[in-house]
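All of the numbers you see were taken from the coordinates with simple rules; none came from a lab. For clarity, every value in this text was computed on a predicted model and none was experimentally measured. Because the Cβ atoms are built from the backbone with ideal geometry, glycine has one as well, and the counts that use them run over all protein chains shown.
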Amino acid sequence: MTHKTYITKLISLALLLMYPPAAFAQKEDIIRAFDMPHMMAYLVAGLLISIFVMIFYNRLYYYREKEVRTESERLNVQLSLIMDSNDTQLWTYHKLRNVFRLFSHQGDGSDMLPIDFSQAYDRDDFSEMRRRIGAIMNGEDLSDVIYVKGVAPKGGGEQQRIYEIHLSVLRRSGKGEAVVLLGLQKDVTEKRVRALQSERLHLRFHTVFNSSLVDMLYYDADGYISDINEKACETFGIPDRKEAIARHTHINDIPPFRGIDFRNTENVQSTTVASTRELKEQGLIPQSVPDMNFYYEAAVSTIKDKDGRLIGIFTAGRNVTDMVESNHHQKASTALLEKTTRNIRDYIQNINYSLKVSDVRLMNYNPDTHTLEISSDLNTTQYSLPQLRAITMIREADRRRAKGLFRRMDRRRPGIINTTLRTLMRDKQGRDVFLNFNVMPIYGADGTLTHYFGMCRNATEMTYTEIKLREETEKAQETEKLKNTFLLNMSYELRTPLNAVVGFAELFKNEHSEEDEPIFAEEIKKNTGELLRLINDILFISRLDAHMIEFNYQEADFATMFDGWCYMGWSALDASIKVSVENPYSSLVTSIDSENLGLVIQKICTFSAGMVSEGAVRAKYEYRHGELMITIEDTGHGIAKSDLPHVFERFVRNSQNEQYGSGLDLPIVEELIEQMGGTIELQSEEGKGTSFYLSIPCEAVSIEKKSEIIV
């Protein structure tokens, strides 16, 4: 029954119940219509109408709920089909809870902490993803697309996966702030690999075809010309390449290839005497080409698919007229050539020796062929690179400048070029190679610029020396600044407990009550202890700064030591505070520096104990992928948002001018973890507590988990 049917029946019933009182009011006196019997009838009619209205809305809500549930199931099925067909995953990030929710193809999801969610991705790429998420959540961007790598497969048997992730805001708060972020993740590994291979193949073909020094022509499967390079246009005097292709010339119309069945032929090589007059009469070349005979050498190769079907025909040729004519005169000039060659050989040997001793290479660039040649001596070309290939060997930061230099030489601009470029090549020490180019233009007999010639020198050592000197200068200035700041803070922090000790000691000399002496002694003892602890921390962090701490990695059972380190740090806690340590292993033998790692855990637990006055503290750990994942949490008063960026600074104070511990506890923890190759993250919210997340790389020797007890 539809909603309209219910409404129609309800209106009909209401009119039926209201009809008798209305009819009676027309016939009887109006006063009698409102006596007690009639009023009771009116109330009963109103009650019945209310009941029918309630029943109607109940049915209406039921059917609407059923429609919504049906529509939701339909949308979930569609979403599952779309995600399956597109190989797409869906996940969200909740800013306030700081958790990720990964949805399955059935529409259900599970919450994951950032440290667990990050296990599926490369560490550096996940850090970049967190930065992009932060930018969107802070309103800096509306959406973003990022490519991240998955976890590198062990053993190298599988290919590392690549994901394309679209980030956008899913839900905002009433104030317009982003609360939930949506991530659509798609595996694009195969797509990226295919695109890269296709791009490389396409680039290689066009580079060879267009930059070749021989005539190259390509014919389709029917034998009609479809492409011709610039060198062939130059050889045959063709001014317009597109016009030559538009003539639709067939390969069998070319004199050397007449009558050849290329569908049943693999390769053809020929050397023939061609006449430009004959070619003009057949309309193969423009009429403006002068009449002449020339020797032409060509090689033809057919391209077929795996089934033997013809795909295309490729020809490569060259005008060998000069070669043939020179061969005719070769015998007459051999004696003179040999004599001249001996003189030149001696001259070249002297130059080659000089180049070898000075580690200098010769460079030649031809604007016509766009080819860069680098020679180790005058006899041998060490590298012959097309312009595009040469540019790809330059670092990204210097490519724009390199393109400008090539553009300048292509336009035959005068003037000497002297520049240093950073390349992708590496020297024996693994450093980027810097090459210094000193190039000058070379002019022909008619005064036109023909090419550029110069020297290429390895400037790596000199460049890195300059960089190192600059870095050392900046480092010395920064060290001096940090030292002055540290000494200033240290002087103040040492003076405070020392003044307290001296002050209370002076009170013993002055007139005082004997009852106050225990108080004076207790204060002197307390401040002396703080002074001693502060001096020890200063000496320790000084050794850390100088990298004088030696890390002694030995096999140790971390599972048996973790609880003790935590309870030592929490030793000053009030008895009312709940303490819990989650230790999932009965034995976890790893190669660690137990002394320094224990110091880190104790200091963090001591810091947490100082942050909580009521509530609970908790510590747990897990071994994953060669790393110890340690979490230490408390439900204390937390750290203000404005103070979070500064908690790892030395002698830092919060917004209430209160110092965290001795002022050096967290800086020592951070520096120790970094020197052990690990990482530390801190999350805190004022009034809710603080959480530390540690990641320490180590190698597990043996692992024995606690057996679960089923009740």
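Quick check: residue separation of Tyr295 and Asp427 times 0.36 nm, minus the Cα distance between them. What number comes out in nm?
My answer for the length gained is 42.8 nm.
Set the bar at 24 Å for Cα to Cα. Now go through Lys95/Lys191; Lys603/Lys641; Lys525/Lys688; Lys66/Lys95; Lys149/Lys705; Lys525/Lys603 and name every pair that lies beyond it.
Flagged as over cut-off: Lys95/Lys191; Lys525/Lys688; Lys66/Lys95; Lys149/Lys705.
Run the quick spin-label model on Asp545 and Ala640: label points 7 Å from Cα toward the beta carbon, then report their separation in nm to one decimal.
Placing both labels 7 Å along Cα→Cβ, they lie 2.7 nm apart.
How large are Rg and Dmax for the stretch 555-688 when only the alpha carbon atoms are used, in Å?
Every Cα atom of the stretch 555-688 included, Rg and Dmax give 14.9, 44 Å.
So what is the diffusion coefficient of the stretch 376-468 in µm² per second by Stokes-Einstein at 4 °C and 1.567 mPa s, using a Kirkwood Rh over Cα pairs? Write out the running numbers ahead of the final one.
Numbers: Rh = 14.6 Å.
It diffuses with D of about 89 µm²/s by this estimate.
Would you mind calculating the relative contact order of the stretch 548-616 from Cα pairs under 8 angstrom and at least 6 residues apart, reporting the percent as a whole number?
The value is 50 percent.
How big is the stretch 420-468 on each of its three principal axes, counting only the C-alpha atoms and giving the largest first in Å?
Computed over the stretch 420-468, the largest-to-smallest principal extents equal 48, 19, 12 Å.
Any chance you could run the full-extension gain for Arg97 through Glu466? It's 0.36 nm times the residue separation minus the Cα-Cα distance, nm to one decimal.
Value of the extension gain: 127.9 nm.
If the reach is capped at under 19 angstrom between alpha carbons, list the aspartates and glutamates near Lys175, excluding any in the same chain fewer than eight residues apart.
Hits, sequence-local ones excluded: Glu140, Asp141.
Any chance you could run the full-extension gain for Glu278 through Ser707? It's 0.36 nm times the residue separation minus the Cα-Cα distance, nm to one decimal. Kindly include the intermediate steps, with their values, before the conclusion.
Values: separation 429, 0.36 × 429 = 154.44 nm, distance 9.41 nm.
Gain on extension, Glu278 to Ser707, equals 145.0 nm.
At R0 = 22 Å, how high is the FRET efficiency between Val193 and Tyr147 if r is their beta carbon distance? Nearest 0.05 is fine.
Working: r = 13 Å, r/R0 = 0.59.
Computed FRET efficiency for Val193 and Tyr147 comes out at 0.95.
At q = 0.15, 0.24 Å⁻¹, what log₁₀ I(q)/I(0) does the stretch 113-177 have when each alpha carbon counts as one equal point scatterer in the Debye sum?
-0.55, -1.06
Straight-line reach only, C-alpha to C-alpha below 20 angstrom: list the aspartates and glutamates that Lys403 could link to, leaving out same-chain residues fewer than 8 apart.
Result set, ordered by chain and number: Asp368, Glu373, Asp432.
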